[in-house]
1. Examine region B:33-53 for a residue that is assigned to a loop (DSSP other than H, G, I, E, B), in contact with a strand residue (DSSP E or B) (Cβ under 6 Å, 6 or more places away or on another chain) and either more than 8 Å from every other protein chain (Cβ to nearest Cβ) or within 12 Å of DNA strand D (Cβ to nearest atom) (or both), and state whether such a residue exists.
2. Please count how many residues of region A:32-69 are in contact (Cβ under 8 Å) with a residue 60 or more places away in the chain and crowded, with 19+ Cβ neighbours inside 10 Å.
3. Step by step: first the residues of region A:82-137, then only those that are touching a helix residue (DSSP H, G or I) at 6+ places or on another chain (Cβ under 8 Å) and farther than 24 Å from residue A:26 by Cα, then the one that is farthest from DNA strand D (Cβ to nearest atom). Which residue is that?
4. Hey, could you check region B:73-101 for residues that are assigned to a helix (DSSP H, G or I) and surrounded by 13 or more Cβ atoms within 10 Å (Cβ to Cβ) and say which is nearest to DNA strand C (Cβ to nearest atom)?
5. Of the residues in region A:1-31, how many are crowded, with 16+ Cβ neighbours inside 10 Å and either in a helix (DSSP H, G or I) or more than 9 Å from every other protein chain (Cβ to nearest Cβ) (or both)?
6. Under the condition of being in contact (Cβ under 8 Å) with a residue 40 or more places away in the chain and within 20 Å of residue B:141 (Cα to Cα), which residue from region A:107-116 is farthest from the other protein chains (Cβ to nearest Cβ)?
7. Considering only residues that are within 15 Å of residue B:11 (Cβ to Cβ) and touching a residue at least 60 places away in the same chain (Cβ under 8 Å), look in region A:117-142 and name the one that is farthest from the other protein chains (Cβ to nearest Cβ).
DNA sequence: TATTGTTATACTCTATAACTATA
DNA sequence: TATAGTTATAGAGTATAACAATA
């Protein structure tokens with residue numbers, strides 16, 4: 001009645017999601033290393049590129065992170081030269097976070113690398129299986 | 001060229017996996033609250049029930065956690081009365097971690113609650129979709 | 001010498017509270 | 001008064017190093 005030791009864990013959805021995510025995060029981190037970014041920082045750049053202008057708070061909300069977390073994230077990206085803080089003329093309380101030329105360039109290249117890694121990661125599922133997995137995850141959370 | 005703001009994140013596999021996992025973890029935690037457990041602790045109980053005897057180190061390896069992490073995990077479960085440490089007679093360096101009666105009882109009930117939550121969580125995918133998602137994740141990591 | 005469990009310590013990630021400047 | 005950004009701080013979660021007991 002105890003269950004098969006070999007799948008007591010792999011039968012758990014939580015375990016599967018966690019370890020799938022860990023494996024992907026590691027693979028993405030390796031692929032992005034040449035660009036001096038991790039996946040989370042790349043997501044910040046992508047959010048900033050997709051919508052303009054975006055204040056720190058607005059960007060944080062899009063990303064689902066706390067505004068204090070966003071401060072550190074922008075600090076890092078600014079140190080790396082990928083973004084710049086600019087005071088909003090309309091509301092001087094706000095920082096508009098702007099991609100630099102290097103930021104845009106790195107975003108484009110790093111996004112391509114991320115796409116490749118994701119495709120490799122999902123390769124075991126076949127083309128159709130990969131598409132279905134993404135669709136399923138979007139249905140659950142997107 | 002920047003991409004649609006609405007799916008710059010939901011098009012990222014890492015984001016989808018992370019947020020799916022966060023949502024499930026929260027749902028499982030809520031469901032297990034009456035049992036005084038979280039999903040990770042329940043996984044420990046399940047591993048211990050599936051294979052016996054298991055030392056702390058062996059259990060930690062099954063779970064993929066550090067042995068120092070395992071110490072704290074067993075401490076908590078022991079405080080809650082779900083497991084007991086027993087010195088191995090064959091090798092007195094080892095702690096055999098044993099489920100108590102309360103541990104076995106709680107394991108059974110909590111596993112049922114976890115199963116229900118997972119089914120509800122996956123309900124938007126339909127029966128077939130849910131089975132396929134789990135199969136896909138197992139193919140990627142299991 | 002090597003292994004198991006333990007403790008102390010540190011590091012990452014994140015959130016809460018309090019401060020500042022602006023509105 | 002309320003909001004945006006910042007800082008300080010604290011809480012999880014986890015890993016590394018060192019130690020005690022045992023092999």
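1. Yes, some residue in region B:33-53 is assigned to a loop (DSSP other than H, G, I, E, B), in contact with a strand residue (DSSP E or B) (Cβ under 6 Å, 6 or more places away or on another chain) and either more than 8 Å from every other protein chain (Cβ to nearest Cβ) or within 12 Å of DNA strand D (Cβ to nearest atom) (or both).
2. Matching residues across region A:32-69 total 7.
3. A:99
4. Among residues in region B:73-101 that are assigned to a helix (DSSP H, G or I) and surrounded by 13 or more Cβ atoms within 10 Å (Cβ to Cβ), the one nearest to DNA strand C (Cβ to nearest atom) is B:74.
5. Total satisfying the criteria: 14.
6. By that ranking, first place goes to A:116.
7. Checked region A:117-142; the qualifying residue farthest from the other protein chains (Cβ to nearest Cβ) is A:117.
Taken together, the values in this text are just the output of simple stated rules run on the coordinates, not laboratory data. Just so it is clear, the model here is predicted, and its values are computed rather than measured. A quick note on method: Cβ atoms are made from the backbone with ideal geometry, for glycine too, and the neighbour counts reach across all protein chains shown.
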